[in-house]
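The values are calculated or read from the model by the stated rules, or taken from the named source; none is laboratory data. Remember, predicted model here, so these are calculated numbers, not experimental data. Don't worry about glycine lacking a Cβ; one is built from the backbone with ideal geometry, like all the others, and counts go over all protein chains shown. Each accessible area value is taken on the protein alone, full model and side chains, heavy atoms only, with ligands, DNA and RNA left out. Shrake-Rupley method; radii C 1.70, N 1.55, O 1.52, S 1.80 Å.
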Amino acid sequence: MKVIKVKYLSDYKLEIVFENEQVKIADFETFISQAQNPMTLQFKDIAKFKKVKMQYGHLTWLNGEMDISAESIFNNEFSLK
């Protein structure tokens, strides 16, 4: 499964379109607020979180400082609406 499009919505929410054309809204607020890793904690800063990009079918921030696989999002590992 690959991500073909990502769009920042608000707060820590992203709209994600997968290669099968399914669209999900993922909320990363809990994931980021409960993180222990300093590399992840930096994304509490919404300005940094908003800079999400799609690369090789997955989500990435700041040239790989944080990567989230398409499979983990598609398989409901994040709060989805």
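Brief remarks follow.
- Residues of segment 22-64: accessible area per residue with a 1.4 Å probe, Å²: 62
- Per DSSP, loop chymotrypsin sites (Phe, Trp or Tyr not before Pro) in segment 7-81 with at most 16 further Cβ within 10 Å: TYR56
- Among ASP67, ASP27, ASP45: highest mean-square fluctuation, GNM of the chain, C-alpha pairs under 10 Å: ASP45
- Relative contact order (%) - the chain, alpha-carbon pairs under 8 angstrom, separation at least six: 31
- Cut-off 12 Å (backbone N to label point 7 Å along Cα→Cβ of LEU9), residues of segment 23-47: 23-29
- Selection of trypsin sites (Lys or Arg not before Pro), segment 1-45, meeting DSSP coil and at most 16 other Cβ within 10 Å: LYS2
- When the solvent-accessible area of the chain is split by element, carbon and sulfur atoms take up 47 percent of it, the probe being 1.4 Å.
- Using a probe of 1.4 Å on the protein chains alone, the accessible area found for MET54 is around 80 Å².
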